[in-house]
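Input: a single structure, listed below in structure tokens.
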Amino acid sequence: MARHLVLDTETTGLDPRNGHRLIEIACVEVVDFIPTGKSFHEYVHPDREIDPDAERVHGISLASLRDKPRFPEIVDRLLDFIGDDKIVAHNAPFDRSFVNAELSRCGRPVTADDQWIDTLALAKKKFPGMYNSLDALCKRMKISLAARDKHGALIDAELLAAVYLELQGGKERALDLTMGAVERASHVVQTIVYGARPRPLAPRSTPDERAAHESFVRGVLKDKAVWAKYGV
């Protein structure tokens, strides 16, 4: 079973090395390249101001976060949800730097680089020389953006999950998985072994029933019973 967590974050600014913090984080679970509907989503109080440029992108104000938990309050649930499975993100180094900065502040081990899969890098390989933002990929792949007004971690993670599945083969991969299931089922059927069939088969009728039938044929049908000529 291949489990991936498609992750997105919103932040107070662009660089955790300048003291910027996470303010929203979301993960969407995908198992064997099929979204399961399970997700993790939290808003986080950053204990600092949000840059105006960042707020214009995601629309999250510091006032709206006044009753939200700090990162140390959600870290255990986040790590339990992610586990050791692969994390998928668009421009993964950005999200990884913020997640690892928050983990370091909590005294927790940071995530390894090889735990992350960067969909931006995948898109650049598939569409070299093209604009490969999440919006551009959704439009190119005909993934609806109707539910999206501003950037938000959960909606962006859900959109990215759809993009990631397309980058991994989309409908062709779904067909491969379906055919694999058919082949496995066929193998199970082929391995079922039946015992040898007795020949001739034992009669299902009782001796009395067979005697009554013979009496009926001889006494009523007589020579009209065609099968009697063949000893049946």
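Where a number appears in this text, it was derived from the coordinates with a stated rule and is not lab data. Only a predicted model underlies this, so the values are computations on that prediction, with no experimental measurement involved. FYI the Cβ positions are ideal-geometry reconstructions off the backbone, even for glycines, and counts take in every protein chain you see.
Table: residues versus (1) β-branched (V, I, T); (2) crowded, with 20+ Cβ neighbours inside 10 Å.
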| position | (1), (2) |
| --- | --- |
| M1 | no, no |
| H4 | no, yes |
| G19 | no, no |
| A26 | no, yes |
| G37 | no, no |
| I50 | yes, yes |
| S61 | no, no |
| D67 | no, no |
| P93 | no, no |
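Considering only residues that are of a type in the set (A, V, I, L, M, F, W, C) and either assigned to a loop (DSSP other than H, G, I, E, B) or loosely packed, with under 13 Cβ neighbours inside 10 Å (or both), which ones fall in the stretch 95-146?
Within the stretch 95-146, C106, V110, A112, F127, M130, M141, I143, L145, A146 meet the criteria.
Are any residues in the stretch 84-135 free of Cβ contacts under 8 Å to residues at least 24 places away in the same chain and among the acidic types (D, E), and if so, which ones?
Answer for the stretch 84-135, where residues must be free of Cβ contacts under 8 Å to residues at least 24 places away in the same chain and among the acidic types (D, E): D113, D114, D135.
If G107 satisfies every condition in (1) touching a helix residue (DSSP H, G or I) at 6+ places or on another chain (Cβ under 7 Å); (2) on the phi > 0 side of the Ramachandran plot but one, which is the exception?
Of everything listed in (1) touching a helix residue (DSSP H, G or I) at 6+ places or on another chain (Cβ under 7 Å); (2) on the phi > 0 side of the Ramachandran plot, G107 misses just condition (1).
Hey, among the residues in the stretch 18-43 that are more than 26 Å from the chain's Cα centre (by Cα) and in contact (Cβ under 8 Å) with a residue 12 or more places away in the chain, which one's farthest from L65 (Cα to Cα)?
Out of the qualifying residues, it is G19.
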